[in-house]
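The values are calculated or read from the model by the stated rules, or taken from the named source; none is laboratory data. The structure displayed is predicted, hence computed values, not measured ones. Cβ: placed from backbone, ideal geometry, glycine included. Neighbour counts: every protein chain shown. What goes into the accessible areas is simple: the full protein's heavy atoms, side chains included, and nothing from ligands, DNA or RNA. Shrake-Rupley method; radii C 1.70, N 1.55, O 1.52, S 1.80 Å.
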Amino acid sequence: MVQYIVKRLLGLLPTLLIVGLLVFLFVHLLPGDPARLAAGPDANPETVELVRKDLGLDRPLPAQFVRFVNGVLHWDFGRSLRTKRPVSEEIGERFMPTFWLTVWSMAWSVVFGMVIGVLSAVWRNRWPDRLGMTLAVSGISFPAFALGMVLMQVFSVQLGWLPTVGNDTWRHYLLPSLTLGAAVAAIMARFTRSSFVDILGEDYIRTARAKGLDEPHVVVKHGMRNALIPVVTMMGLQFGFLLGGSIVVEKVFNWPGLGRLLVDAVDMRDYPVIQALVLLFSLEFILINLIVDVLYGIINPVIRYR
Amino acid sequence: MKKLFRPAAAVAVALVLAATPALAAKDVVFAVASTFTTTDPYDANDTLSQAMAKSFYEGLFGFDKDMKLIPVLAESYDVSKDGLVYTVKLKKGVKFHDGTDFKADAVKTNLDRVTNPDNKLKRYGLYNNNIAKVEAVDDYTARITLKTPFSPFIAQLAHPSTVMISPAALKQWGNKDIAFHPVGTGPFKFVEWKATDYLKVAKFDGYWKKGYPKVDTITWKPVVDNNSRAALMQTGEAHFTFPVPYELTDVLKAKPDLDVVAAPSIVLRYLSMNTQQKPFDNPKVRQAIAYAINKEALAKVAFNGYAAPAEGVAPQGVEYAYKQGPWPYDVAKAKALLAEAGYPNGFETELWSAYNHSTANKVTQFIQQQLQQVGIKTKITLLEAGQRVEKVESWQDPATAPVRLYYVGWSTSTGEADWALRPLLDGGSWPPRLFNTAYYKNPKVDADIKNAQLTTDSAEKAKLYKDAQETIWNDAPWAPLVTERLLSANNKKLSGVYVIPDASFNFTEIDLK
């Protein structure tokens with residue numbers, strides 16, 4: 001197992017290098033001159049040239065790439081073209097808010113989604129199923145920005161129970177994580193349900209029932225473990241997506257997260273920030289996939305890695 | 001972060017939050033629409049960052065709430081007969097936040113800094129063209145010598161980027177890091193800047209204007225989403241916000257403790273036409289387009305009535321602006337002009353917008369529909385910032401410029417006609433140099449603008465600018481559309497905060513009941 005993890009981690013390096021090269025080429029292909037954008041509407045050509053030199057964009061492309069890779073190896077991602085602060089600082093101060101928001105959203109939505117999914121599967125085509133799936137479809141269909149605004153309007157503006165924007169206390173986390181988790185909970189519920197429905201039709205479930213095991217035991221002990229595999233895969237994917245920051249939720253709740261940073265960076269053609277963020281997102285996905293693979297082994301001892 | 005999630009800490013935080021509604025100190029919160037790029041006005045190109053920097057920085061000159069030019073750190077000034085030498089007398093007894101005295105060497109240090117290309121400041125272009133040298137004659141007299149006479153020079157010194165930074169602080173922090181440690185003479189001193197969250201300033205006790213400022217702190221909070229900003233106003237978490245989107249004015253007006261203010265602006269919206277390309281090389285076609293658009297209806301439809309038809313090439317409120325309009329709405333005349341120009345059945349063309357927000361969307365759709373009435377078919381493209389730079393602002397060869405009809409706006413941040421006309425309509429300002437997106441060139445206008453720079457006689461300037469504006473109006477390189485009104489909202493307890501016509505803020509009189 002350890003050997004396997006080490007092997008996977010080593011395999012990570014070439015992947016990141018390729019991602020780095022692709023994203024570097026990609027951002028330089030975007031239309032629009034970052035020096036011109038940074039210099040602003042009143043600037044004359046001399047000023048634009050000054051800004052270009054200041055940002056290091058006057059050098060040839062290969063030289064810029066070498067500098068970028070060399071910087072990354074020394075944990076230096078350059079400075080943001082927009083704010084002139086180090087990129088590591090820009091990302092650093094937004095990573096934790098995004099991370100915690102992701103964790104809290106995932107936590108409630110996985111628990112909630114799985115409970116609904118299991119209940120729906122056990123009472124298939126009866127009222128708990130209908131109710132659960134109605135909730136799930138609404139969760140997927142209701143756009144996050146609308147949900148966020150409605151929640152804010154009701155709980156912050158009308159009732160005054162919760163703060164509107166910011167991320168200073170645990171109370172600030174309630175509405176955004178509710179908004180962000182709604183869709184995930186819905187997806188988890190539907191996934192768990194379909195996976196469970198399949199499992200509950202298996203022979204070993206019938207055997208378990210036949211030998212007189214009570215229903216909760218059958219569902220939790222024999223059903224759960226086997227149904228979890230696809231659910232865990234989905235969980236990993238969703239976690240990865242949320243870690244990229246949600247643009248909509250971050251905008252509505254003014255959350256200092258990575259999604260907005262990426263949008264701002266693309267708007268201003270802030271090359272160093274875009275590159276570092278894409279690298280970070282790739283790394284996150286690779287790591288999450290690895291964790292999911294390891295979890296498979298734990299959930300189902302039949303799966304072995306070498 | 002982690003410890004906040006422990007139940008005990010959570011309860012403690014909740015208790016603290018519950019126990020602090022009483023206003024002991026006067027802490028004001030401004031909710032603004034975007035994050036700040038920098039605190040260094042010489043390196044900023046957005047109005048908002050410069051408006052925020054007014055908390056801790058002041059210039060030799062400035063603008064009052066009606067955008068009238070007033071001396072701030074300057075006492076008075078003289079111009080030599082040839083218009084080349086400006087001698088500025090400075091106020092005495094002004095202190096920087098670091099305790100050093102404000103003297104003439106500060107003027108020299110700051111202007112030398114921005115005109116030195118090695119410092120690579122974004123406002124380099126605004127100063128380098130005209131300042132030859134700056135001298136400190138004595139402690140309270142600065143002498144600025146220009147390369148060529150430039151009569152709007154004082155207006156340029158009043159531009160929000162021309163501020164006085166403490167020379168001692170500049171020396172201590174250096175050219176770049178001063179942006180993270182601003183030290184000026186302003187009413188508030190810098191406390192803290194958390195880029196993602198807020199920028200906070202606190203009352204400077206040694207401020208030269210006795211009795212000011214009247215509040216203890218200002219927290220500048222960037223909140224991007226319009227609805228969220230409105231929510232902050234409704235819950236009382238913010239005292240002032242700008243801009244207020246049109247669709248939310250009624251919601252905010254309905255709140256008894258809020259005021260919604262529509263202030264006049266010098267933000268002019270116009271439709272420029274590429275005069276180097278057919279069919280826009282024919283003035284009759286351009287005039288026809290100007291006639292074909294109902295500006296009154298445009299203001300109602302796209303701006304919810306918070307705009308008025310443009311009354312000239314430079315908006316009212318800009319010094320030496322000449323009122324000539326609005327351009328009448330007359331479809332019959334437009335059709336006649338098109339027929340005379342040889343396009344009785346109209347033609348097809350491109351209509352681009354410099355912005356991709358929803359108001360621009362409404363404006364371009366409205367224009368499209370209006371032009372359809374006279375037979376001109378347009379294809380709308382809302383340009384995203386990068387595309388705008390590539391296809392319009394940095395296009396190298398004027399002969400092949402793809403821009404045709406172009407919806408854009410301009411705010412004259414010096415408040416003076418030179419900056420309203422020269423960058424947009426002078427023959428030397430074609431992209432990529434500046435923003436003459438009409439590729440308009442009229443030797444008469446160019447001469448008027450040049451001569452107005454050279455003269456220091458106000459009556460003479462007024463005459464030259466009037467002549468230039470009349471010529472432009474008749475040549476119609478633009479269809480002038482509307483001047484916007486600036487919508488802000490404030491809590492009734494707050495007073496003395498104004499949105500000034502160039503969309504910057506004036507808050508010298510700020511107070512909280």
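Here is a list of conditions, (1) in contact with a Phe, Trp or Tyr (Cβ under 8 Å, 6 or more places away or on another chain); (2) away from chain B (no Cβ under 14 Å), and A:ARG206 meets all of them except one; can you say which number that is?
Looking at each condition in turn, A:ARG206 falls short on (1).
Consider A:VAL69 carefully, then state whether it is β-branched (Val, Ile, Thr), within 24 Å of B:LYS122 (Cβ to Cβ) and either in contact with a Lys or Arg (Cβ under 6 Å, 6 or more places away or on another chain) or more than 12 Å from chain B (Cβ to nearest Cβ) (or both).
Against the criterion (β-branched (Val, Ile, Thr), within 24 Å of B:LYS122 (Cβ to Cβ) and either in contact with a Lys or Arg (Cβ under 6 Å, 6 or more places away or on another chain) or more than 12 Å from chain B (Cβ to nearest Cβ) (or both)), A:VAL69 does not qualify.
Any idea which of (1) modelled with pLDDT of 90 or more; (2) more than 24 Å from A:ALA43 (Cβ to Cβ); (3) out of contact with any strand residue (DSSP E or B) (no Cβ under 6 Å at 6 or more places or on another chain) is the one B:ASP82 doesn't satisfy?
Evaluating B:ASP82 over (1) modelled with pLDDT of 90 or more; (2) more than 24 Å from A:ALA43 (Cβ to Cβ); (3) out of contact with any strand residue (DSSP E or B) (no Cβ under 6 Å at 6 or more places or on another chain) leaves (1) as the failure.
Among B:ARG269, B:ARG229, which is basic (Lys, Arg), touching a residue at least 12 places away in the same chain (Cβ under 8 Å) and closer than 30 Å to B:ALA479 by Cβ?
Going through B:ARG269, B:ARG229 in turn, just one is basic (Lys, Arg), touching a residue at least 12 places away in the same chain (Cβ under 8 Å) and closer than 30 Å to B:ALA479 by Cβ: B:ARG269.
Please determine whether any residue of segment B:416-427 is within 14 Å of chain A (Cβ to nearest Cβ) and of a type in the set (Gly, Ala, Ser).
Yes, there is a match, as at least one residue in segment B:416-427 is within 14 Å of chain A (Cβ to nearest Cβ) and of a type in the set (Gly, Ala, Ser).
For residues that are open to solvent by 40 Å² or more (accessible area, probe 1.4 Å), within 14 Å of another protein chain (Cβ to nearest Cβ) and among the basic types (Lys, Arg), tally how many sit in segment B:123-146.
Going through segment B:123-146 one residue at a time, the tally reaches 0.
Have a look at A:ARG59, A:ARG82, A:ARG94 and point out the one that is more than 32 Å from the chain's Cα centre (by Cα) and either within 12 Å of chain B (Cβ to nearest Cβ) or open to solvent by 40 Å² or more (accessible area, probe 1.4 Å) (or both).
A:ARG59
Mind counting the residues in segment B:26-48 that are surrounded by fewer than 24 Cβ atoms within 10 Å (Cβ to Cβ) and in a helix (DSSP H, G or I)?
Qualifying residue count, segment B:26-48: 2.
Is there a residue in segment A:202-211 that is at pLDDT 80 or above, crowded, with 20+ Cβ neighbours inside 10 Å and acidic (Asp, Glu)?
The answer is no; no qualifying residue exists.
Quick test for you: out of B:THR483, B:THR456, B:THR414, B:THR471, pick the one residue that is open to solvent by 10 Å² or more (accessible area, probe 1.4 Å), within 22 Å of the chain's Cα centre (by Cα) and more than 30 Å from B:GLN234 (Cα to Cα).
That would be B:THR414, the only listed residue that is open to solvent by 10 Å² or more (accessible area, probe 1.4 Å), within 22 Å of the chain's Cα centre (by Cα) and more than 30 Å from B:GLN234 (Cα to Cα).
Counting only residues that are open to solvent by 80 Å² or more (accessible area, probe 1.4 Å) and free of Cβ contacts under 8 Å to residues at least 12 places away in the same chain, which one in segment A:116-140 is nearest to A:HIS217 (Cα to Cα)?
My answer is A:TRP123.
Pull up segment B:175-193, narrow it to residues that are part of a loop (DSSP other than H, G, I, E, B) and touching a residue at least 40 places away in the same chain (Cβ under 8 Å), then point me to the one that is farthest from B:VAL94 (Cα to Cα).
Residues of segment B:175-193 that are part of a loop (DSSP other than H, G, I, E, B), as a first pass: B:181-187.
This time we only want the ones that are touching a residue at least 40 places away in the same chain (Cβ under 8 Å), so: B:182-187.
Values: B:PRO182: 17, B:VAL183: 13, B:GLY184: 10, B:THR185: 7, B:GLY186: 10, B:PRO187: 11 Å.
Only one residue tops the list, namely B:PRO182.
Which one of these is in contact with a helix residue (DSSP H, G or I) (Cβ under 8 Å, 6 or more places away or on another chain) and either within 14 Å of chain A (Cβ to nearest Cβ) or within 21 Å of B:GLY125 (Cβ to Cβ) (or both): B:THR455, B:THR471, B:THR437?
Going through B:THR455, B:THR471, B:THR437 in turn, the sole match is B:THR437.
Among strands (runs of 3 or more DSSP E) lying entirely in segment B:194-293, which contain 3 or more residues that are of a type outside the set (Val, Ile, Thr)?
Passing ranges, in order: B:198-203, B:217-222, B:258-273.
Please find, among A:ASP76, A:ASP33, the residue that is charged (D, E, K, R) and surrounded by 17 or more Cβ atoms within 10 Å (Cβ to Cβ).
When all the criteria are applied, what remains is A:ASP33.
Given the options B:TYR246, B:TYR198, B:TYR212, name the one that is over 25 Å from B:HIS181 (Cα atoms), open to solvent by 20 Å² or more (accessible area, probe 1.4 Å) and either touching a residue at least 12 places away in the same chain (Cβ under 8 Å) or in contact with a Cys (Cβ under 7 Å, 6 or more places away or on another chain) (or both).
The unique qualifying residue is B:TYR246.
Output yes when any residue across segment A:278-289 is within 30 Å of B:ASN226 (Cβ to Cβ) and within 14 Å of chain B (Cβ to nearest Cβ), and no when none is.
no
Quick check on my filter: what residues within segment B:357-395 are assigned to a loop (DSSP other than H, G, I, E, B) and either open to solvent by less than 80 Å² (accessible area, probe 1.4 Å) or under 20 Å from B:ASP281 (Cα atoms) (or both)?
Answer for segment B:357-395, where residues must be assigned to a loop (DSSP other than H, G, I, E, B) and either open to solvent by less than 80 Å² (accessible area, probe 1.4 Å) or under 20 Å from B:ASP281 (Cα atoms) (or both): B:VAL374, B:GLY375, B:ILE376, B:LEU383, B:GLU384, B:SER394, B:TRP395.
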